[in-house]
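Working notes, beginning with the structure itself.
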Amino acid sequence: MSFKPANDIQDHHHFGEFGGVNPSISDSATYTFLSAKKMFDTFEGKAEGCYLYSRHSSPSTLYLGEAISAMEGSEAAHVTASGMGAITPVMLQLCGAGDHMVSSRTIYGGTYAFLKNFAPRLNVNTTFVDITNLEKVEAAITEKTKMIFCEVVSNPLLEIADIRGLANIAKKHNLKLVIDNTFSPLSVSPLKLGADIVIHSLTKFINGTNDTVGGVICSTQEFIDQLRSVNDGACMLFGATMDSLRASSILKNLRTLHLRVKQHSYNANYLAEKFEKDGLRTVYPGLKSHPSYELYKTILNEEFGFGGMLTIDVGCLDKANALMEKMQHEKLGYLAVSLGFYKTLFSAPGTSTSSEIPEDEQKKMGLSDGIIRFSIGLDNDIERTYNKMKQCMLELDILEPEMA
Ligand code: PLP
């Protein structure tokens, strides 16, 4: 594939107000005009380069949006206060009362809770499907369906969506294909594969320092303008706007994303191979044993690798909890939700990030309570990390000496 997302981020180039190498931060919620006419034109969206009020846009959120838009190859992007602050407006911009969505059943718990518990209050209903089964996806479409939603790499089971196949179905039925690319920035470019809208939680890999939440929506200029409409734009009216200071700090972190993604991928791949060899049930899209390994290779920008997320199943929740506590004690990472941090994070999804999904649903989708989800950090010496993790597993009888 000739698309080079990291080069496009690099070429995003702005000077600060005083010649600074970082764009200046606009420290204002509202903006003045020398003429009332200009203010009116700005309100109508007809005055290029003018700002009215920071819920609409600010220079800093626009710079960040431009850079992420370059990364995804979209015409435009809108930055939001959190990933959920990006996901929910997109869904409600596309779907009104009586409409229907088809969604992957393995998605982030918050998104699942919104679709399962909240959207039905607005008479927006969702059919959850196994997204890896294109026949099931197509069979779930009704004449009320407006969009298909999934994550490229699903949370927490790490299933891979066949974006080209889903895009064909979406086009055939005149639906929007909306992709959450939070787990695979740079590694996968969904718009280049036929998706209509890409969303990220910036909280994760893109920011990378776990000091803020954030989100972004990448799509056509027309759709971004709809979201920002002062009359009926979901982003504008729900108001989940990112602050300028945060936008500016995320933009700086975005500059090192390519290096970080490669190191996350290298480290996760190393550990996944070792864990699998040790006899642990390991899921990582870069392992040949992953059911979608071949598919993933066909959608991957390969230089960035298979990503930083992996899971192991240690058999039961008690063992999972004991291992996570021990690994934290040994300074191997933090027992914490979220992902994309420079240190390794681990959590048991059934009782944390996916706890919104009822137990029987969890069982159906293969989410057992011994699963630990790892977001692998940027460790310089991953062999040392592996040896220390293996020692923790031996001490807790998760690995037996002859297995290890
Ligand atoms: N999408 C995915 C895949 C996530 O893992 C998360 C959060 O964990 C979100 C969206 C929501 O993002 P945020 O917490 O920034 O609202």
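Tally up the residues in the range 159-190 that are touching a residue at least 40 places away in the same chain (Cβ under 8 Å) and surrounded by 24 or more Cβ atoms within 10 Å (Cβ to Cβ), please.
Total meeting the criteria: 16.
Go through the range 289-330 and count every residue that is farther than 26 Å from Gln391 by Cα and of a type in the set (Gly, Ala, Ser).
2
Quick test of your reading of the structure: Pro291 fulfils all but one of (1) out of contact with any Gly (no Cβ under 9 Å at 6 or more places or on another chain); (2) touching a residue at least 12 places away in the same chain (Cβ under 8 Å); (3) part of a helix (DSSP H, G or I); (4) not hydrophobic (A, V, I, L, M, F, W, C). Name the failing condition by number.
(3)
Would you confirm, using the coordinates I've provided, whether Thr88 is near the ligand (Cβ under 9 Å from one of its atoms) and β-branched (Val, Ile, Thr)?
no
Take Ile224 and decide whether it is within 16 Å of the ligand (Cβ to nearest atom), within 25 Å of Gly110 (Cα to Cα) and β-branched (Val, Ile, Thr).
Here the answer is no, as Ile224 does not meet what is asked.
Restricting the search to the range 353-374, which residues are without any contact (Cβ under 8 Å) to a residue 24 or more places away in the chain and in contact with a Pro (Cβ under 9 Å, 6 or more places away or on another chain)?
Gln362, the sole residue that qualifies.
Of the conditions (1) under 30 Å from Asn22 (Cβ atoms); (2) within 14 Å of the ligand (Cβ to nearest atom); (3) under 16 Å from the mean Cα position of the chain (by Cα); (4) not small (Gly, Ala, Ser), Asp211 clears all except one; give me its number.
The number of the failed condition is (3).
Here is a yes/no grid of residues against (1) within 25 Å of Pro59 (Cβ to Cβ); (2) in contact with a Ser or Thr (Cβ under 7 Å, 6 or more places away or on another chain); (3) within 15 Å of the ligand (Cβ to nearest atom):
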site	(1), (2), (3)
Ser187	no, no, yes
Val216	yes, yes, yes
Ser248	yes, yes, no
Arg260	no, no, no
Ser265	no, no, no
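Looking at (1) surrounded by fewer than 24 Cβ atoms within 10 Å (Cβ to Cβ); (2) in contact with an Asp or Glu (Cβ under 7 Å, 6 or more places away or on another chain); (3) among the small types (Gly, Ala, Ser), can you tell me which one Ser219 breaks?
Checking Ser219 against (1) surrounded by fewer than 24 Cβ atoms within 10 Å (Cβ to Cβ); (2) in contact with an Asp or Glu (Cβ under 7 Å, 6 or more places away or on another chain); (3) among the small types (Gly, Ala, Ser), the one that fails is (1).
For the range 299-306, check the following and say yes or no: at least one residue is away from the ligand (no atom under 16 Å from the Cβ), surrounded by fewer than 18 Cβ atoms within 10 Å (Cβ to Cβ) and assigned by TED's automatic domain parsing to the domain that holds Glu383.
For the range 299-306, residues away from the ligand (no atom under 16 Å from the Cβ), surrounded by fewer than 18 Cβ atoms within 10 Å (Cβ to Cβ) and assigned by TED's automatic domain parsing to the domain that holds Glu383: present.
The values are calculated or read from the model by the stated rules, or taken from the named source; none is laboratory data. Note that the structure is predicted; figures quoted are calculated from it, not measured. We place every Cβ from the backbone using ideal geometry, glycine too, and count neighbours over all the protein chains shown.
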